[in-house]
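The structure under discussion appears below in the form of structure tokens.
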């Protein structure tokens with residue numbers, strides 16, 4: 001699981017730069033980590049996962065799991081790539097066994113995680129990708145620790 005605090009805010013001006021950011025981030029990830037990917041359609045969430053998967057040793061094709069809901073890639077560890085875009089509610093997410101899958105060994109990537117916010121673990125990474133234009137993206141990567149956030153609000 002996520003250990004130390006982490007925060008990065010950067011504007012990427014090219015796919016090459018976004019690839020570098022994803023690969024650097026991949027080197028921080030350990031088995032059990034959860035990465036919540038936030039961004040509108042076409043912002044580059046799947047591209048980001050693809051570059052992480054490559055860095056972790058996966059040499060196959062990485063595609064959006066929009067229609068399959070889950071793609072699993074075998075790299076240096078298993079990579080579970082969820083896409084909740086087509087799911088309507090938390091009950092549908094629970095039906096696919098999401099909580100049980102989080103108990104498996106691997107790293108978990110979740111596109112459209114806001115649909116399952118209450119099912120996310122106490123600690124996870126939140127990656128937000130905002131489109132500026134055709135090539136520029138604002139990227140924000142933060143470690144979220146729910147219990148620490150709750151303490152800060154009191």
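Results for (1) free of Cβ contacts under 8 Å to residues at least 12 places away in the same chain; (2) outside any strand (DSSP E or B); (3) over 14 Å from the mean Cα position of the chain (by Cα); (4) crowded, with 21+ Cβ neighbours inside 10 Å, shown as yes or no for each residue.
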{"site": "36", "(1), (2), (3), (4)": "no, no, no, yes"}
{"site": "42", "(1), (2), (3), (4)": "no, yes, yes, no"}
{"site": "52", "(1), (2), (3), (4)": "no, yes, no, yes"}
{"site": "57", "(1), (2), (3), (4)": "no, yes, yes, no"}
{"site": "64", "(1), (2), (3), (4)": "no, yes, no, no"}
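The number of residues in region 105-118 that are surrounded by 14 or more Cβ atoms within 10 Å (Cβ to Cβ) and at pLDDT below 95 comes to 2. Filtering region 16-32 to residues that are part of a helix (DSSP H, G or I) and within 13 Å of residue 76 (Cα to Cα) leaves only 26. Determine if region 90-109 includes at least one residue that is touching a strand residue (DSSP E or B) at 6+ places or on another chain (Cβ under 7 Å) and closer than 21 Å to residue 43 by Cα. Yes: region 90-109 contains one or more residues that are touching a strand residue (DSSP E or B) at 6+ places or on another chain (Cβ under 7 Å) and closer than 21 Å to residue 43 by Cα. Put simply, of 13, 68, 18 the only residue that is free of Cβ contacts under 8 Å to residues at least 24 places away in the same chain and over 21 Å from residue 144 (Cβ atoms) is 68. Looking only at region 43-102, which residues are at positive phi and out of contact with any helix residue (DSSP H, G or I) (no Cβ under 7 Å at 6 or more places or on another chain)? Matches in region 43-102: 57, 69, 97.
The values are calculated or read from the model by the stated rules, or taken from the named source; none is laboratory data. For clarity, every value in this text was computed on a predicted model and none was experimentally measured. Here Cβ is always computed from backbone atoms with ideal geometry, including for glycine, and neighbour counts include all displayed protein chains.
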